[in-house]
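Since every read-out is calculated from the coordinates, none of them should be taken as a lab result. Fair warning: this is a prediction, and the values are worked out from it, not measured in the lab. Because the Cβ atoms are built from the backbone with ideal geometry, glycine has one as well, and the counts that use them run over all protein chains shown.
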Ligand code: SF4
């Protein structure tokens, strides 16, 4: 019998998964206080470019590009199982990208063997921007995180975001600009929230992030058994009465040293010691 082509070519891919950044479009407009020192905008201005001109990039079809020759001929350039960080020099739901988004969703559907992660400050645009076949369960390989940098935006974005039919939802406080209470959202939607992540601001004009705010969010997550990550300290960290200036290369490692990351395990109820005499 003639040897047939495998119906599962992805299983032939022996390359290890990678972390890849995919910016299918570039450019954005500030939409809230967290955008004040946007890294993308700062970089574009340094290079004399207008960061508010949203344009499709040369990497638009990166997730579905394949090798045309060589050892991996026919395989996707991005290995199976990879995590693809999506739209980190724009907002995936920016209105200027409406005409390109359907094609981007189609690529994510095609690459159901990869995990796509994106962060947005525009959850109010998500419902109308989902693809027709999203349904009530959505694409299982897509995780969307909603950024809320302060209480004002948490109370406007989270009620909208958390009521959406998204299979994987998380919350980001980055740059964290003040103490933020998300207790009522953790209480109502805790089962759906896959993680909460905190981080400070980077760059020469970074605003201070107070470690007490981070600790407070950590405690809220422990209370509701929601995974928590202290992503990075930012460039200026207040801890007690001191302010630390932290070089970029140490911001992730220093946050990690706080040992605040929590996997969401429900903690056992406190056992009161038996004080009754026998
Ligand atoms: S939404 Fe994100 S990419 Fe857009 S201006 Fe704000 S920080 Fe920059």
Quiz item: Rg and Dmax of the chain, Cα atoms, in Å?
Solution: 21.4, 83
Exercise. Output the relative contact order of the chain, whole-number percent, from Cα pairs under 8 angstrom with separation of 6+ residues.
Key: 12 percent
Quiz item: Relative contact order, percent, of the range 17-133 when contacts are C-alpha pairs under 8 Å separated by at least 6 residues?
Solution: 32 percent
Quiz prompt | Candidates 73, 56, 239, ranked by Gaussian network fluctuation over the chain, Cα under 10 Å, top entry | solution = 73
Quiz item: Taking the chain as a Gaussian network, where each spring joins two C-alpha atoms under 10 Å apart, which residue of 139, 211, 47 fluctuates the most?
Solution: 47
Self-check item: 228, 117 arranged by Cβ crowding within 10 Å, fewest neighbours leading
Solution: 117, 228
Quiz prompt | Linear extension gain, residue 46 paired with residue 100, 0.36 nm per residue minus alpha-carbon span | solution = 16.7 nm
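What fraction of the Cα pairs in the range 128-278, stated in percent, has a spacing above 25 angstrom?
Working: 4232 of 11325 pairs.
When every Cα pair of the range 128-278 is considered, 37 percent fall beyond 25 Å.
Using R₀ = 22 Å, calculate the FRET efficiency as 1/(1 + (r/R₀)^6) where r is the Cβ-Cβ separation of residue 67 and residue 19; round to 0.05.
Values: r = 20 Å, r/R0 = 0.89.
The computed FRET efficiency comes out at 0.65.
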Self-check item: residue 110/residue 254 FRET efficiency (R0 25 Å; Cβ-Cβ; nearest 0.05)
Solution: 0.05
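When the convex hull of the Cα atoms of the range 17-133 is projected onto a plane and the area is averaged over all directions, what value comes out in nm²?
Working: hull surface 33.5 nm².
Here the figure is 8.4 nm², rounded to one decimal.
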Exercise. Measure nothing but the geometry: give the 0 to 90° angle between the long axis through the Cα atoms of 248-257 and the longest principal axis through the Cα atoms of the chain, rounded to 10°.
Key: 60 degrees
Quiz prompt | Contact order relative to length of the range 93-200, as percent, for alpha carbon pairs under 8 angstrom and 6 or more apart | solution = 24 percent
Quiz item: Along the Cα-to-C-beta direction of residue 140, a point sits 7 Å from the Cα; which residues of the range 151-165 have their amide N less than 20 Å from that point?
Solution: 165
Quiz item: If r is the Cβ-Cβ distance from residue 88 to residue 8 and R0 is 35 Å, what FRET efficiency results, to the nearest 0.05?
Solution: 0.65
Self-check item: Rg to Rh, two decimals, where the range 205-272 supplies the alpha carbon set and Rh follows Kirkwood
Solution: 1.06
